[in-house]
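These notes are about the structure you will find just below.
What follows draws every value from the coordinates through simple rules; no lab data is involved. The shown structure was predicted, so the numbers you read here are calculated from the model rather than taken from an experiment. When we count neighbours, we look across all protein chains shown, and the Cβ atoms used for this are built from the backbone with ideal geometry, even at glycine.
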Amino acid sequence: MPSRRAQKVAAAIREVVSMAILADLKDPRIRNVTVTYVEASGDLRSAKVHVSVMGDERHQELSLRGLQNAAGYLQAQIARRLDLRYTPKLNFLLDQGVKHSIEISQILDRVLPKESTDDDQESEPREDAPSEDEEPLL
């Protein structure tokens, strides 16, 4: 389990890298990229940056290659914004969690029957509800 300091540094790195990707990077390969989480090593000399990329596998690989090429710039941004003894070396990894959850959701939508809306339920009398001529049980 990482130390509390490593967790705080990882959160700060996530914020800096996310903002730099969004605002500063102009590489056309890096599109639809979201930094999901960062794992910082115990000595804070390296960090694994997990990113989610929307698109097909080719686009994901291109974005990952673009991020690896921009790692030096992103490390410089981290060094400028965070007061650390060592600037962590960034390693970008593809996070498939979001993609898997979307696929599972689509499969469940196909397999499970559609639920009726509240309007449909109001028009049909419920079996457990007393009819209008019966008195409710107390």
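Results, tabulated for the structure shown:
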| read-out | value |
| --- | --- |
| DSSP bridge orientation in the stretch 4-96 - percent antiparallel, rounded to nearest 5 | 55 percent |
| Ranked by how many other beta carbons lie within 10 Å on average, peptides 77-86, 39-48, 10-19 from highest | 10-19, 39-48, 77-86 |
| Surface/4 estimate of mean projected area, convex hull on alpha-carbon atoms of the stretch 4-96, nm² | 5.4 nm² |
